[in-house]
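Below is one structure, written out as structure tokens, with a few remarks after it.
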Amino acid sequence: MRVVITGGAGFLGSHLGETLLRRGHSVVAVDNFVTGRATNVAHLVGDRFALVEHDVTEPFDIDGDVDGVLHFASPASPVDYLKMPIETLRVGSMGTQNALELAQRKGARLVLASTSEVYGDPQVHPQPETYWGHVNPVGPRGVYDEAKRYAEALVLAYRDNRGVDASIVRIFNTFGPRMRPNDGRAIPNFVRQALAGEPVTVSGDGSQTRSICYVDDLVDGILAMLLETHDPGPVNIGNPHEISMRDLAQWIIDLTGTSSEIQYIARPTDDPTVRRPDTTKAQALLGWSPKVSVETGLERTIAWFREHPEADEGHVLT
Ligand code: NAD
Ligand code: UDP
């Protein structure tokens, strides 16, 4: 198969491209590098892997056959999308439409990277796909949450109205190598701070929870959704291992063996209090469940951060 990955030079996009290549497929990664980096995929570029610099909010075409489109372009860290609110709304709306138009022209299946954020600050726990969510459209996170909710509606419209084999996955917090140490998300922040012996910043009292998935498991779930079904979704992909941010910070401190201590900082507005995927549908539809323990994932991530102290150099947002 030949697969176009928008956001292909980002954290998740680069792992998806790497795995597709390893399984014998061809990849065209399309990225404007606002939060991703060419160095994430430099080792992949070759006969079966092309990297194209393009802002997908502008229409684009790809020469030749395309069998799959993974639409992953979007700032994803709250720090990033709050710096780029209009860009985030544009890539969720215009970017998604351009990706769907490409899929329609090529007769390709499309998978939209949606998010657990469509559930907002959830009042149902854990969250099944049938839950409609609890989102503040005019709060600071609205630019991301509502862009993804609009993108989901667009996928369904292209599916029903234009016959595109388009689908939705709702991704829960995923971590691993190639996250930018300064991207602002909890795990890269905690690991970077712990390795530097700096205070590890936990927001609020740290009792809020997230459920965290190692990137290799996430990639397996996304590729199953692309390659093994024509189901529209939405399907939750995430590890139900739920943990408070205070316990996560302490765990990372222990795993790194640092002398860092926890420093409590202000909690962001509308920060969700709990989050955990109900993965019944992913198991039934895709036979998917996470295989990598959170501890193993954290150890691999810490090792990568240790080996790549240069990981944030030269990046526009640092
Ligand atoms: P990332 O920031 O590492 O990757 C996003 C990529 O998209 C970057 O390479 C960036 O340069 C590119 N991009 C952004 N706007 C673009 C545009 N207009 N044109 C072309 N490229 C553009 O983030 P990530 O964690 O890899 O997230 C990838 C996708 O998965 C995003 O759509 C995000 O919303 C979604 N997602 C991620 C998580 C997670 O935990 N990592 C959770 C839920 C959803
Ligand atoms: N968080 C934290 N310290 C940090 C960065 C984030 O305590 O240095 C908290 C954040 O307030 C939230 C949780 O960790 O409660 C997860 O934040 P992240 O940005 O990783 O993901 P999201 O909020 O999008 O799920």
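Brief remarks follow.
- Taking a straight line from the alpha carbon of Lys291, these lysines sit under 25 Å away, with near neighbours fewer than eight places off in the same chain left out: Lys281.
- Computed E for Asp65/Asn182 - FRET, C-beta separation, R0 41 angstrom, nearest 0.05: 0.60
- Loop-exposed trypsin sites (Lys or Arg not before Pro) per DSSP, neighbour cap 16 Cβ within 10 angstrom, longest uninterrupted part of the chain: 49-290
- Highest-fluctuation residue, Asn182, Asn161, Asn236 considered, GNM on the chain with Cα pairs under 10 Å: Asn161
- Contact order relative to length of segment 1-139, as percent, for alpha carbon pairs under 8 angstrom and 6 or more apart: 23 percent
- Size descriptor, Kirkwood hydrodynamic radius, that averages inverse alpha-carbon separations across segment 143-182, Å: 12.3 Å
- Ignoring the sites themselves, the chain has its longest run without GluC sites (Glu not before Pro) in a DSSP loop having at most 13 other Cβ atoms within 10 Å at 1-227.
- Dipole axis of segment 123-183 (+1 Lys, Arg; -1 Asp, Glu on Cβ), positive-most option in Asn182, Gly163, Asn136: Asn182
- When only Cα pairs below 8 angstrom with a gap of at least 6 residues are kept, segment 35-98 shows a relative contact order of 44 percent.
- Panel order for Ser211, Ser203, Ser293, by other beta carbons found within 10 Å of each beta carbon, from fewest to most: Ser293, Ser203, Ser211.
- For the chain, modelled as a GNM whose springs connect Cα atoms under 10 angstrom apart, the maximal fluctuation among Ala103, Ala76, Ala303 occurs at Ala303.
- Inter-site label distance for Ile243 and Met1 at 7 Å from Cα along Cβ, in nm: 3.1 nm
- Cβ charges +1 (Lys, Arg) and -1 (Asp, Glu), total dipole of the chain, debye: 300 debye
- Candidates Met94, Met225, Met179, ranked by Gaussian network fluctuation over the chain, Cα under 10 Å, top entry: Met94
- Relative to the longest principal axis of the Cα atoms of the chain, helix 245-256 runs at roughly 80 degrees.
Taken together, the values in this text are just the output of simple stated rules run on the coordinates, not laboratory data. Because the structure is a prediction, the values reported are computed rather than measured. Using ideal geometry, Cβ is built from the backbone for each residue, glycine included, and neighbour counts are taken over all protein chains shown.
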